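The values are calculated or read from the model by the stated rules, or taken from the named source; none is laboratory data. All of these numbers come straight from a predicted model, not from anything done at the bench. Heads up, the Cβs are rebuilt from the backbone with ideal geometry, glycines too, and the neighbour counts pull from every protein chain shown.
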Amino acid sequence: MIKKNIARKKVIEIRNKLSEDAIKYLSLNIAANAYSFIKDNFFKNVAIYMSVKNEVRIEYIIKLDASKSINFYLPRYSKGKYICFNKFENINSMEKDDYGILCPEGSCIIDIKEIDVFFIPGVVFDIFGNRAGYGKGCYDKVLSQAKNSLFIGVCYGFQLISDDELEFNNNDIKMHYLLTENGLVKVNN
């Protein structure tokens, strides 16, 4: 079993070395895979995130939805370790949250239970659906309220541990799928 803090440090070091071209190329592939999955499953309400620190730019998916048939929701983080989601309208109606991350302006209005699928960032994942984020536990709290939704961990291929298990505890919420530039992987439960 790999300790989260050790895995985080190792993966962040690699991720920080990615070039802008690599980030764009890999992110476009991942966003295209995500969009196909959403359309194939007829999902309407989709939670994504606004990338920071060389994360996969899943927000590219918004441009792929030319027909505007999908409702995209982005998180608003508060310093109290809380996340809520608000509908994305357009890039001009964005503001920074407590952590300086762009999010839709205004108060959050969506009931978490109405979101069909969450595309979730993480620093490192394992093939069993375990996830290590930045250690604040924000996503675990939100996902525990969305038991009927689908959870998809989004990462580059090198962020996925396939030969060992990531440390986890009872409060950690497992992913149903993992999405990399190589496609969608159902986790081993």
The number of residues in segment 130-172 that are in a helix (DSSP H, G or I) and among the aliphatic types (A, V, I, L, M) is 2
Considering only segment 127-141, state which residues are within 22 Å of Ile110 (Cβ to Cβ) and in contact (Cβ under 8 Å) with a residue 60 or more places away in the chain.
-> Cys138, Lys141
What do you reckon, is Ile173 in contact (Cβ under 8 Å) with a residue 40 or more places away in the chain, in contact with a Leu (Cβ under 7 Å, 6 or more places away or on another chain), hydrophobic (A, V, I, L, M, F, W, C) and farther than 26 Å from Ile23 by Cα?
-> yes
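Conditions tested, residue by residue: (1) under 17 Å from Tyr49 (Cα atoms); (2) polar (S, T, N, Q); (3) touching a Ser or Thr at 6+ places or on another chain (Cβ under 7 Å); (4) surrounded by 14 or more Cβ atoms within 10 Å (Cβ to Cβ).
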{"position": "Pro75", "(1), (2), (3), (4)": "yes, no, no, yes"}
{"position": "Ile91", "(1), (2), (3), (4)": "yes, no, no, no"}
{"position": "Asp111", "(1), (2), (3), (4)": "yes, no, no, no"}
{"position": "Val124", "(1), (2), (3), (4)": "yes, no, no, yes"}
{"position": "Lys147", "(1), (2), (3), (4)": "no, no, no, no"}
{"position": "Phe151", "(1), (2), (3), (4)": "yes, no, no, yes"}
{"position": "Ile161", "(1), (2), (3), (4)": "no, no, no, yes"}
With the first residue restricted to segment 49-66 and required to be touching a residue at least 40 places away in the same chain (Cβ under 8 Å) and more than 13 Å from Met94 (Cβ to Cβ), and the second required to be among the charged types (D, E, K, R) and surrounded by 18 or more Cβ atoms within 10 Å (Cβ to Cβ), Cβ contacts under 7 Å at 6 or more apart or on different chains are Ser51/Arg57; Ser51/Glu59
Evaluate segment 147-168: report whether one residue or more is modelled with pLDDT under 95, out of contact with any Pro (no Cβ under 8 Å at 6 or more places or on another chain), within 21 Å of Phe43 (Cα to Cα) and not hydrophobic (A, V, I, L, M, F, W, C).
-> yes
Note on Ser67: of the conditions (1) at pLDDT below 90; (2) part of a strand (DSSP E or B); (3) within 18 Å of Asn33 (Cα to Cα), unmet is (2)
Hey, Gly100 in a loop (DSSP other than H, G, I, E, B) and touching a strand residue (DSSP E or B) at 6+ places or on another chain (Cβ under 9 Å) or not | no
A careful count of residues in segment 15-24 that are touching a residue at least 12 places away in the same chain (Cβ under 8 Å) and closer than 18 Å to Asn182 by Cα gives 4
